[in-house]
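Derivation of every value follows stated rules applied to the coordinates shown; laboratory data play no part. Given the structure is predicted, the values throughout are model-derived calculations rather than measurements. All Cβ positions, glycine included, derive from the backbone under ideal geometry; neighbour counts span all protein chains shown.
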């Protein structure tokens, strides 16, 4: 019960702190099954904005407090579906990355960095 209460408190804090996501890109997969959301999150007065990627099933929307289930970085980036189940992330730099998943649901996520 204490773990559940802790998780609820943490999620409530994240929802309060993160606020509404500022969606930069919303890209639907070719088979219409998934949506890739690129969004900006404000970390507060003491941290920089971060750029995040969430892949959700089509029909799902980002919510207040979403933190990004796929990719989190200080660097702006673009995404493009190359196949029904493959998403390509184009990023200028491969530094300041805080989360980088290569598989979400049955979607493969490929990263292309143009500079180290």
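Structure notes:
- Boolean, residue 102 is farther than 19 Å from residue 23 by Cα, surrounded by fewer than 14 Cβ atoms within 10 Å (Cβ to Cβ) and within 15 Å of the chain's Cα centre (by Cα): yes
- Residues in region 105-116 that are loosely packed, with under 12 Cβ neighbours inside 10 Å, without any contact (Cβ under 8 Å) to a residue 24 or more places away in the chain and part of a strand (DSSP E or B): 115 alone.
- Condition check for residue 51: surrounded by fewer than 18 Cβ atoms within 10 Å (Cβ to Cβ) and either touching a strand residue (DSSP E or B) at 6+ places or on another chain (Cβ under 6 Å) or outside any loop (DSSP other than H, G, I, E, B) (or both): no
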